[in-house]
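Enquirer: Following this message is one structure expressed as structure tokens.
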Amino acid sequence: MEIQTAESNVVCSIDIFESLSDSIDVAKNLVEKSQESNGAESTTDLRSIEAGFEGVVKQMGETLQSIPESTFDEEEYIGVVIQSLSNEMQNASIGDGSKSEMIQNGQQKISEKHPPEIVSEQMEEDLYPTDPEFSYESYMMYSESQSQMTEIPDIPSQSTDVSRQRKHGNHSESQSQVTKIPDIPSQSTNVSSQREHGDLSKSQSQITEIPDIPSQSSNASSQRKYGILSESLSMLPQVTQFMEPPYQAFICPLTKEIMDDPVTTETGVTCERQAVIEWFDSFGNSDEINCPVTGQKLTTELSENVVLKTIIQEWKVRNEAARIKVAHAALSLGGSESMVIDALRDLQMTCEGKEYNKVRVREAGIIQLLDRYLTYRSKDVRYELLRLLRTLADEDTDDGKEMITRTITMSCIIKLLGSSHQPVRHAAQALLLELSKSQHACEKIGTATGAILMLVTAKYNRELDVFASETADQILRNLEKCPENIKQMAESGLLEPLLGHLAEGSEETQVAMAAYLVEIDIGHEKKTYVAEKACPALIGLVQSENTDARRAAFKALAHISLYHPNNQILVEVGIIKIMVEEMFTKRVFSDLMNSRIEAATILANILESGLELETFEVNTHGHTLGSDYFVYNIIQMLKNSSPDDLNIDLIRILLSLSKSPRAMATIVSVIKETDASFAMIELINNPHDELGVGALKLLIALTPYIGHTLSERLCKTRGQPENLIQCPVEANQITEKHAVSAKLLAKLPHQNLTLNLALVNESIVSEILHAIHLIQRSGTRTSRYATDFLEGLVGILVRFTTTLYEPQMMYLARNHDLTSVFVDLLMKTSSDEVQRLSATGLENLSSTTMTLSRPPQPRSTKFMGSFSMPRSFSLRSSKKKPIEICAIHRGVCSAKNTFCLVEANAISKLLACLQSDKVEVVESALAAICTLLDDKVDVEKSLCMLSEMNAVQLILNAVKEHKKESLLQKAFWMIDKFIIRGGDKYASEISQDRMLSGMLVSAFHRGDGNTRQMAENILRRLDKVPSFSTYIT
């Protein structure tokens, strides 16, 4: 028999699956037919397709109904769900037209192939009807129609399952009637909840009009919680297989609720203890107390009804287990919205305050089912789901929290924090607050994208939502259990947790927080606040014996010191003495981490912020940052081949010290004394670019003081100075080292012939000119160091013009036509420094023009006279081109060979430079023009030429604009020349300028000796002051 049964079950299952598969195929064909018509079908075709779908659905419902009950074994609640779904499908209706013919056709197609065997009766409708109409009054009317129970009926005391009795046919008619006790809708809690979500019908809303009954407001919810399912379930006969309804003896006559602590009065009436005590208290005199049921006189003596209390507890346990099964089936089915909501609410009420039910829910796998409902389209479903998850998480142990954390998609919960529906948003925050009490959950929440950022945002938006702000604050406090979360909070703008743990946490925590300070990007507006809070704790870590703690603290302090406004705070906490001690006093063998590098970095950052050096002591002996002690130790460390990273910071310290004249004098003195210049020049060749650039900058700073020494030693260094000139192929490839190298060569003393001769190389000069042309041609498509590089290259060319007495320099200047190069640079650059250098180069070249210019020499005719030439040749050869003579230099001139400014058309460009805003450019241009007024040239011709170019007015404007002594001296000298050699014409023009008179008077009173003398001479010639020589005999 068993074998036959098994075989028949297999055959039946195969038939069922094939029938369902055929139904699906028919449905697909109908879908394809609808898509092919593309909306152009007639009404008849549309009704035909609708009828076909309806037939398929009904046939599938009948197929599901044919599944044998034995298939589900003890999981009978699954059978209830299947049968409910079957009934829904059989009663389905699609469309409005007459569809009987198509229904029959659809059913006939399927039944002809595999007619399923009907093995069970038709079951009830949907497990959760969506439109129940029942009230508390109907329940009360039904209760009064039952027999008045004054004794406890025969109630099963063991965990007897009513469903099993029905299965074996042992249930009586009276029992089947008991199962029809309807559910009691909640009058306050349930109704208000339904109103909140918009699910309350008109008939249900009338429930609130029922007169007040003592403790009646929670009656329905209490009975639903312990004995009756939701309204939809209470009217389903098949639910009685799993649910055991409450017995009359369970109901307190005072509260109409199921009792938790039943006690019996003297009259034999059993009530809830708290309710009967309140009943007694309502009487002013104890002699007037009567029974609430019988009306007999009572005393306050009560006896505990242990038997009934035990029975009620056992009944609750049985029903709660059944409720969990039904809810599991409903959630697995995933039916209508109301079905899901009722299931979630039932589970919440079942689990609230009962740890054992929460365990049952977890073991039943319900939490896994809940995850998919987080993305459900209905906000009401999401709200009820979040409430249920919070209830499941609210327990003494972390088991529930950890299971929810492992099962539920945390990112979905985080997204709900931004829901536009406030109840959903608050429910999500309440759930996270409960979960955040678990260490594992804290880690999971922190790893969810955007979780901490959204919580921090909610915390700071208190004016928008107080509850959300306070809840977010509590969640964030709980999340501080994980250090990584603290880092994310800081990155999101909440720095207090990080700073608090840094100040008061364990040493291990402090190390982690110090490391986070380096990793996170703090806004400028908060960097000073962080420095104030963090520096004391970091100083403490620096002075600890823990190597890891010291290393983390040094890195954090170095990071803080990069922001210059923080350095005053660092100085106030005494960091300078500590860092100097780390550099000079501690020995490497006694410090596993070699803190010199970190200390030098911090000190360099502080000094670069521009603090007053002489005001900060570096030790207890009163030495300051600019003292011989400090400078000597820094230079000694630099000489002793320290690591590259340390040398970089040492050079940074020396560069900062060089900005102070007193400290610079000390540096120069120590370098001369220790002969450290060789060591500094050697650093130029270091492959570490940052170190090489730093060394070059330091040498540039030292050039005004020991420039000739550096030049001589640079020439004695292998590969130098020619290696300092490296021209890139493209302008956008220019690096800082290119620019600084060229600048050093431009800044070293120009008259140092040794260095100039070392640089005189045809290829070097050609490379310089090529690089200049490359930068000019590239326009804006250059490196940010291109301008500095150009200034250095032009400076190198200028240095060649200072030693033209050397034949090689003269050849170089003529061969590369430096005059035309400088004239071209005057107007084709946006750099004021390039203009200044170009004017200086023209001045140097022009000062030699008078020496190079020679009058034309007549050709000798003695040799030519001995030859007799044909007439035709002699006539043509007699037409010789006349040789042009420079009127100013009185000889043969050219821009290339004699560097004549007139022939190079440089005068107009130099005069244009007089309108520059930069005093250095104006002064250099005046100096170049002054070479045309030297006594060796024809001054009258020069003045005439300059006058035609409006030079007088431009010079006067320059005097009014700039007050530099050296510039005034040059301008006054030229004005004096115009007055003396130009005659009354220029004197009259100059004297009419009233502002010039004021300038001359001011210079006469406040200028230095030379300026005052020049101003006095001009004033005397303009008859502004008397000539003292006329009164002396």
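The values are calculated or read from the model by the stated rules, or taken from the named source; none is laboratory data. In this text, all values refer to a predicted model and were calculated from it rather than measured experimentally. Cβ coordinates were reconstructed from backbone atoms using ideal geometry, including for glycine residues, and neighbour counts include every protein chain displayed. Accessible surface areas use protein heavy atoms only, side chains included; no ligands, DNA or RNA. Shrake-Rupley method; radii C 1.70, N 1.55, O 1.52, S 1.80 Å.
Enquirer: Got a sec? Which of Gly493, Gly446 is open to solvent by less than 30 Å² (accessible area, probe 1.4 Å), of a type outside the set (A, V, I, L, M, F, W, C), part of a loop (DSSP other than H, G, I, E, B) and out of contact with any His (no Cβ under 8 Å at 6 or more places or on another chain)?
Expert: After ruling out the rest, the residue left standing is Gly493.
Enquirer: Keeping to segment 247-277, report how many residues are in contact (Cβ under 8 Å) with a residue 40 or more places away in the chain and either open to solvent by less than 10 Å² (accessible area, probe 1.4 Å) or part of a helix (DSSP H, G or I) (or both).
Expert: Residues that pass the stated criteria total 8.
Enquirer: In segment 873-886, is there at least one residue being modelled with pLDDT under 95, surrounded by 18 or more Cβ atoms within 10 Å (Cβ to Cβ) and either touching a strand residue (DSSP E or B) at 6+ places or on another chain (Cβ under 9 Å) or among the hydroxyl-bearing types (Ser, Thr, Tyr) (or both)?
Expert: Yes, that holds for at least one residue.
Enquirer: Further question on the same structure: Here is a list: Glu18, Glu62, Glu69, Glu74. Which entry is under 21 Å from Leu85 (Cβ atoms) and modelled with pLDDT of 80 or more?
Expert: One residue alone meets the criteria, Glu62.
Enquirer: Another question about this same structure. Among the residues of segment 327-350, what is the count of those that are open to solvent by 10 Å² or more (accessible area, probe 1.4 Å) and of a type in the set (A, V, I, L, M, F, W, C)?
Expert: Total meeting the criteria: 2.
Enquirer: Criterion first (within 23 Å of Ile404 (Cα to Cα), open to solvent by 50 Å² or more (accessible area, probe 1.4 Å) and without any contact (Cβ under 8 Å) to a residue 24 or more places away in the chain) does Gly353 satisfy it?
Expert: Yes: the conditions hold for Gly353.
Enquirer: Still on this model: Would a scan of segment 549-571 turn up a residue that is in contact with a Leu (Cβ under 9 Å, 6 or more places away or on another chain), open to solvent by 20 Å² or more (accessible area, probe 1.4 Å) and within 21 Å of Lys487 (Cβ to Cβ)?
Expert: Looking through segment 549-571, at least one residue is in contact with a Leu (Cβ under 9 Å, 6 or more places away or on another chain), open to solvent by 20 Å² or more (accessible area, probe 1.4 Å) and within 21 Å of Lys487 (Cβ to Cβ).
Enquirer: Answer yes or no: is there a residue in segment 782-804 that is among the polar types (S, T, N, Q), without any contact (Cβ under 8 Å) to a residue 40 or more places away in the chain and open to solvent by 10 Å² or more (accessible area, probe 1.4 Å).
Expert: no
Enquirer: Give the number of residues within segment 636-666 that are over 15 Å from Ala604 (Cβ atoms) and either aromatic (Phe, Trp, Tyr) or part of a helix (DSSP H, G or I) (or both).
Expert: Counting residues in segment 636-666 that are over 15 Å from Ala604 (Cβ atoms) and either aromatic (Phe, Trp, Tyr) or part of a helix (DSSP H, G or I) (or both) gives 7.
Enquirer: Looking at segment 478-490 only, could you name the residues that are over 22 Å from the mean Cα position of the chain (by Cα) and part of a helix (DSSP H, G or I)?
Expert: The one that is over 22 Å from the mean Cα position of the chain (by Cα) and part of a helix (DSSP H, G or I): Asn478.
Enquirer: Say whether the condition of being of a type outside the set (A, V, I, L, M), open to solvent by less than 30 Å² (accessible area, probe 1.4 Å), outside any helix (DSSP H, G or I) and within 19 Å of Thr840 (Cα to Cα) is met by at least one residue in segment 956-966.
Expert: Yes, segment 956-966 contains at least one residue that is of a type outside the set (A, V, I, L, M), open to solvent by less than 30 Å² (accessible area, probe 1.4 Å), outside any helix (DSSP H, G or I) and within 19 Å of Thr840 (Cα to Cα).
Enquirer: Mind listing just one residue for me: the one in segment 707-732 that is surrounded by 14 or more Cβ atoms within 10 Å (Cβ to Cβ) and over 30 Å from Ile671 (Cβ atoms) and, of those, nearest to the chain's Cα centre (by Cα)?
Expert: Per the stated criteria, the residue is Ala731.
Enquirer: Leu453 passes all but one of (1) more than 29 Å from Ile324 (Cβ to Cβ); (2) buried (at least 20 other Cβ atoms within 10 Å of the Cβ); (3) of a type outside the set (D, E, K, R); which number fails?
Expert: For Leu453, the exception is condition (2).
Enquirer: Open to solvent by less than 30 Å² (accessible area, probe 1.4 Å), of a type in the set (D, E, K, R) and at negative phi - does that describe any residue in segment 810-824?
Expert: no
Enquirer: Tally time: how many residues in segment 733-769 are small (Gly, Ala, Ser) and more than 47 Å from the chain's Cα centre (by Cα)?
Expert: 3
Enquirer: Next question. Going by the conditions given, is Met949 open to solvent by 20 Å² or more (accessible area, probe 1.4 Å) and either at pLDDT below 90 or not acidic (Asp, Glu) (or both)?
Expert: yes
Enquirer: Let me ask you something else. Might you let me know whether segment 389-402 holds any residue that is over 20 Å from Glu352 (Cα atoms), crowded, with 17+ Cβ neighbours inside 10 Å and touching a residue at least 12 places away in the same chain (Cβ under 8 Å)?
Expert: no
Enquirer: Oh, and also: Just one of the numbered conditions (1) closer than 29 Å to Ala552 by Cβ; (2) in a helix (DSSP H, G or I); (3) hydrophobic (A, V, I, L, M, F, W, C); (4) under 24 Å from the mean Cα position of the chain (by Cα) is not true of Met454; which one?
Expert: (1)
Enquirer: Could you tell me how many of the residues in segment 310-323 are open to solvent by less than 10 Å² (accessible area, probe 1.4 Å) and either touching a Lys or Arg at 6+ places or on another chain (Cβ under 8 Å) or not in a helix (DSSP H, G or I) (or both)?
Expert: Adding up the residues that qualify gives 1.
Enquirer: Could you please find all residues in segment 967-1001 being in a helix (DSSP H, G or I) and free of Cβ contacts under 8 Å to residues at least 12 places away in the same chain?
Expert: If the condition is that a residue be in a helix (DSSP H, G or I) and free of Cβ contacts under 8 Å to residues at least 12 places away in the same chain, then Asp984, Lys985, Ser988, Arg994, Gly998 are the ones that fit.
Enquirer: Which one of these does Leu683 not meet: (1) farther than 18 Å from Leu646 by Cα; (2) open to solvent by 10 Å² or more (accessible area, probe 1.4 Å); (3) touching a Leu at 6+ places or on another chain (Cβ under 7 Å)?
Expert: All conditions are met except number (1).
Enquirer: Same structure, new question: Failed condition for Glu470, given (1) out of contact with any helix residue (DSSP H, G or I) (no Cβ under 8 Å at 6 or more places or on another chain); (2) of a type in the set (Asp, Glu); (3) farther than 30 Å from His421 by Cα, with all others met?
Expert: (3)
Enquirer: Something else about it: Considering each residue of segment 457-477, count those that are under 17 Å from Pro497 (Cβ atoms) and either touching a residue at least 60 places away in the same chain (Cβ under 8 Å) or over 16 Å from the mean Cα position of the chain (by Cα) (or both), and give that number.
Expert: The qualifying residues number 12.
Enquirer: Do any residues in segment 79-90 that are within 12 Å of Val326 (Cα to Cα) have Cβ atoms under 6 Å from those of residues that are open to solvent by less than 10 Å² (accessible area, probe 1.4 Å) and at pLDDT 70 or above, where the two are at least six apart or on different chains, and which pairs are they?
Expert: Matching pairs, first to second residue: Val81/Ala329.
Enquirer: OK, next. Thr717 fails exactly one of the following numbered conditions: (1) in contact with an Asp or Glu (Cβ under 8 Å, 6 or more places away or on another chain); (2) part of a helix (DSSP H, G or I); (3) of a type outside the set (A, V, I, L, M, F, W, C). What is the number of that condition?
Expert: (2)
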